[in-house]
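Worksheet: one structure, shown below.
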């Protein structure tokens, strides 16, 4: 396929998917219903959720300094904060373009070579992925009986066990094949995995590694808490099980990767998770939309402000 066509598809398909999912979710629960839930929502809890999200972004910007310092660059916190908010905003337009823009901002205003700045972003993403896997593991541990019972109701338990066995066998075969193979695809996979491992291990070689680890856990704690406290704002989500919060948060996090910033996919992911716990459709969709919209407004406001203020803040340069 022509490279230019492939590039256009990479940009346009997530956006088109997002608009389709917006249409799909609003077919299930009309916008008028969502607006009614918004009117009756306790705005104080929504504001608290936005504030916790804001703290997580500040922590991410501050954590970045720990990675840049060993490279010999004393980056100003203001530039780091604005680069982080610009990243989130730009990712709403072109998938993963925000990370490139974030590294470019430091190159332009702090003189950090692009490849080094981008390398630190990749390393922090490795740390974030490890925390996500930890959250998934904790969720499976806490809700194993419930999840197994739910799957057993939907599927035959024997087929579930057989399916996991087959998946494990395929995974082991795949690992064995990749280790032995010399094909170009296998070499790319090995290089990618080795890069992830190297990036993860580099965290422990940092001068301020414990501060980095603390901020990593702080960021994701704020993410979970902002999701949790916002449920208090919505009628019909009283006494929601914490397991529903964790599963909803995990699926919602993955939805952000599926479409630009979770456009359209975020409310559907929330509803899918909450429906497992027999939580009714209307408040689930309404919460998904209100949660996504409140955090999006935060990103648009501070991301836009950052892009406008960056040249002013660095006018001497």
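The values are calculated or read from the model by the stated rules, or taken from the named source; none is laboratory data. Source: prediction; values computed, not measured. Every residue, glycine among them, receives a Cβ derived from its backbone with ideal geometry; neighbour counts consider all protein chains shown.
For the range 282-312, the candidate set comprises residues that are over 24 Å from the mean Cα position of the chain (by Cα) and surrounded by fewer than 16 Cβ atoms within 10 Å (Cβ to Cβ); within that set, the residue that is nearest to residue 109 (Cα to Cα) is 311. When the helices (runs of 4 or more DSSP H) confined to the range 143-234 are screened for residues that are in contact with a helix residue (DSSP H, G or I) (Cβ under 6 Å, 6 or more places away or on another chain), surrounded by 15 or more Cβ atoms within 10 Å (Cβ to Cβ) and modelled with pLDDT of 80 or more, those reaching at least 1 such residues are found at 209-231.
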